[in-house]
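**Student:** Here it is, the structure, as structure tokens.
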Amino acid sequence: MSSTKQTVKIFRGDLASGKLVDYQVDVDEGMVVLDVVHKVQAEQAPDLSVRWNCKAGKCGSCSAEVNGKPKLMCMTRMDTFRPDEALTIQPVRTFPHVKDLVTDVSWNYGVNKKIPPFKPQPKNPDGTWRMYQYEVDRVQEFRKCIECYLCQNVCHVLRNSSKFDEFYGPRFMVRLASLEMHPLDAEDRIKLIKDLAGVGYCNITKCCTEVCPEDIHITDNAIIPLKERVAGRFYDPLSLLFRLIRGDKS
Ligand code: SF4
Ligand code: SF4
Ligand code: FES
């Protein structure tokens, strides 16, 4: 098996005093970025902190910024970089930093709890629920989310504008879409999507879609339909008139 020596710069320490530290690593054929981090941890820096679980692109734990781009380290092959290129591995930036490559993403779990869960409609008279295959396919895309929070990390509303109190972020627009587009769900979340989840803050730049490792079309398939539902409920003159007649103040 061929092996090449490569310089890898890994962020070490905390945000106040931390810095990029150079490591020389023998990179073997087939290695991914997470292998390199593990090799540094095993051979040169046993106190290096990194979060990972599955090494298969399914747990969403190993998110980092590799050469400035948000990536899953376990799914980023080393042969996508030139051997003479210094590789930079840094923690994701949008959430509070803990140590080395570890970031505290617990804000996301709090947001998740604010979303009313699936509320099933009553069953059909024959005791069944039925969905068309296209309805299954539509929500299936959203169920692929592995909660890596790379989309949350790049969203400028969170990253640059720090609207953590006003905007749930693209990952939770995906969760809201999976519930709102589920044909058997009876909960009404449109007002929450407008007021608390803050869908109006999204300006559809698609940065979230670009970094999603599951290829979920976050903006086109989740956020835009949610915006349309909010517009239909709150800004469409006819539906406003009907709601006034019905005395619906929501
Ligand atoms: S498209 Fe919307 S949610 Fe996605 S990154 Fe841009 S502003 Fe954020
Ligand atoms: S939507 Fe994509 S980028 Fe966002 S958390 Fe889920 S898998 Fe990660
Ligand atoms: S270790 Fe699970 S997604 Fe990378």
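**Student:** Can you give me the orientation-averaged projected area of the convex hull built on the Cα atoms of the stretch 93-138, in nm²?
**Tutor:** Averaged projected area of the stretch 93-138's Cα convex hull equals 5.8 nm².
**Student:** Over the chain, what is the relative contact order in percent, taking alpha-carbon pairs closer than 8 angstrom and at least six residues apart?
**Tutor:** It rounds to 16 percent for the chain.
**Student:** Rounded to two decimals, what ratio of Rg to Rh does the stretch 191-242 give with C-alpha atoms and a Kirkwood Rh?
**Tutor:** Numbers: Rg = 12.9 Å, Rh = 12.0 Å.
With Rg and the Kirkwood Rh in hand, the quotient comes to 1.07.
**Student:** Against the longest alpha carbon principal axis of the chain, how many degrees, from 0 to 90 and to the nearest 10, is the axis of helix 237-246 turned?
**Tutor:** So the inclination is approximately 60 degrees.
**Student:** How much accessible area does Asp47 have with a 1.4 Å probe, in Å² rounded to the nearest 10?
**Tutor:** 90 Å²
**Student:** Can you give the log10 of the normalised intensity I(q)/I(0) at q = 0.28, 0.33 Å⁻¹, computed with Debye over equal Cα scatterers of the stretch 112-156?
**Tutor:** These q points yield log10 I(q)/I(0) values of -1.11, -1.11.
**Student:** Out of every Cα-Cα pair in the stretch 1-67, what percent are more than 13 Å apart?
**Tutor:** That fraction is 68 percent.
**Student:** At 4 °C and 1.567 mPa s, grab the translational diffusion coefficient of the stretch 53-191 from Stokes-Einstein with a Kirkwood Rh over Cα pairs, rounded to a whole number in µm² per second.
**Tutor:** Translational D for this selection: 75 µm²/s.
**Student:** Taking 1 over the mean of 1/r across every pair of different Cα atoms in the chain, what Kirkwood radius in Å do you get?
**Tutor:** Roughly 20.3 Å, rounded to one decimal.
**Student:** Further question: Identify all aspartates and glutamates with a Cα-Cα distance to Lys123 below 20 Å; exclude those on the same chain that are fewer than 8 residues away in sequence.
**Tutor:** List returned: Glu135, Glu180, Asp185, Glu187, Asp188.
**Student:** Here's a follow-up. How do 50-57, 220-227, 7-14 rank on mean C-beta neighbours within 10 Å, highest first? Can you show the working numbers first?
**Tutor:** On the way: 50-57: 15.1, 220-227: 19.2, 7-14: 17.5.
Sorting 50-57, 220-227, 7-14 by mean packing, highest first, produces 220-227, 7-14, 50-57.
**Student:** For the stretch 127-166, state which GluC sites (Glu not before Pro) are in a DSSP loop and have at most 13 other beta carbons lying within 10 Å of their beta carbon. Write out the running numbers ahead of the final one.
**Tutor:** On the way: sites: Glu135, Glu141, Glu147, Glu166; in loops: Glu147, Glu166.
Filter output for the stretch 127-166: empty list.
**Student:** Can you tell me which aspartates and glutamates have their Cα less than 13 Å from the Cα of Lys144? Leave out same-chain residues fewer than eight positions away.
**Tutor:** Within the straight-line cut-off, Lys144 pairs with Glu214, Asp215.
**Student:** Related question: Calculate for the chain the 222 nm mean residue ellipticity that helices alone would give, adding -39,500 (n - 2.57) per DSSP H run of length 4 or more and normalising by residue count, nearest 500 deg cm²/dmol.
**Tutor:** That calculation yields -9000 deg cm²/dmol at 222 nm.
**Student:** Nothing charged except the Cβ atoms of Lys and Arg (+1) and of Asp and Glu (-1): what's the magnitude of the dipole of the stretch 3-125 about its Cα centre? Round to the nearest 20 debye.
**Tutor:** In debye, rounded to 20, the stretch 3-125 gives about 920.
**Student:** Treating the angle as unsigned and between 0 and 90°, give the value, to the nearest 10°, between the Cα long axis of helix 170-180 and the longest Cα principal axis of the chain.
**Tutor:** Rounded to the nearest ten degrees, it is 30.
**Student:** Which one, Tyr149, Val40, Cys74, projects farthest toward the positive side of the charge dipole computed for the chain from Cβ point charges (K/R +1, D/E -1)?
**Tutor:** Towards the positive end, the residue furthest out is Tyr149.
**Student:** Spin-label point model (7 Å from Cα, Cβ direction): what's the His156 to Asp215 distance in nm?
**Tutor:** Once both label points are built, they end up 2.8 nm from each other.
**Student:** Something else about it: To the nearest 20 Debye, how big is the dipole of the chain about its Cα centre, given +1 on the beta carbon of each Lys and Arg and -1 on that of each Asp and Glu?
**Tutor:** 860 debye
**Student:** Using Cα atoms only, what is the angle between the long axis of helix 224-234 and the major principal axis of the chain, expressed in degrees (0 to 90) to the nearest 10?
**Tutor:** With rounding to tens, the tilt is 30 degrees.
**Student:** Now a separate question. Would you mind getting the Kirkwood hydrodynamic radius of the stretch 7-125 from its Cα pairs, rounded to one decimal in Å?
**Tutor:** One over the average 1/r among Cα pairs gives 15.8 Å for the stretch 7-125.
**Student:** For the stretch 147-231, what is the charge dipole size about the Cα centre, in debye to the nearest 20, if Lys and Arg each add +1 at the Cβ and Asp and Glu each add -1 at the Cβ? Please report the intermediate quantities before stating the final value.
**Tutor:** On the way: 10 positive and 13 negative charges, 53 e Å.
The dipole of the stretch 147-231 has a size of about 260 debye.
**Student:** Which order do you get for Thr219, Thr205 if you rank them by accessible area with a 1.4 Å probe, largest at the top?
**Tutor:** Thr205, Thr219
The values are calculated or read from the model by the stated rules, or taken from the named source; none is laboratory data. The shown structure was predicted, so the numbers you read here are calculated from the model rather than taken from an experiment. With ideal geometry, Cβ positions are generated from the backbone for all residues, glycine too; neighbour counts draw on all protein chains shown. The protein model used for the area step is the full one, side chains on, heavy atoms only, and it has no ligands, DNA or RNA in it. Shrake-Rupley method; radii C 1.70, N 1.55, O 1.52, S 1.80 Å.
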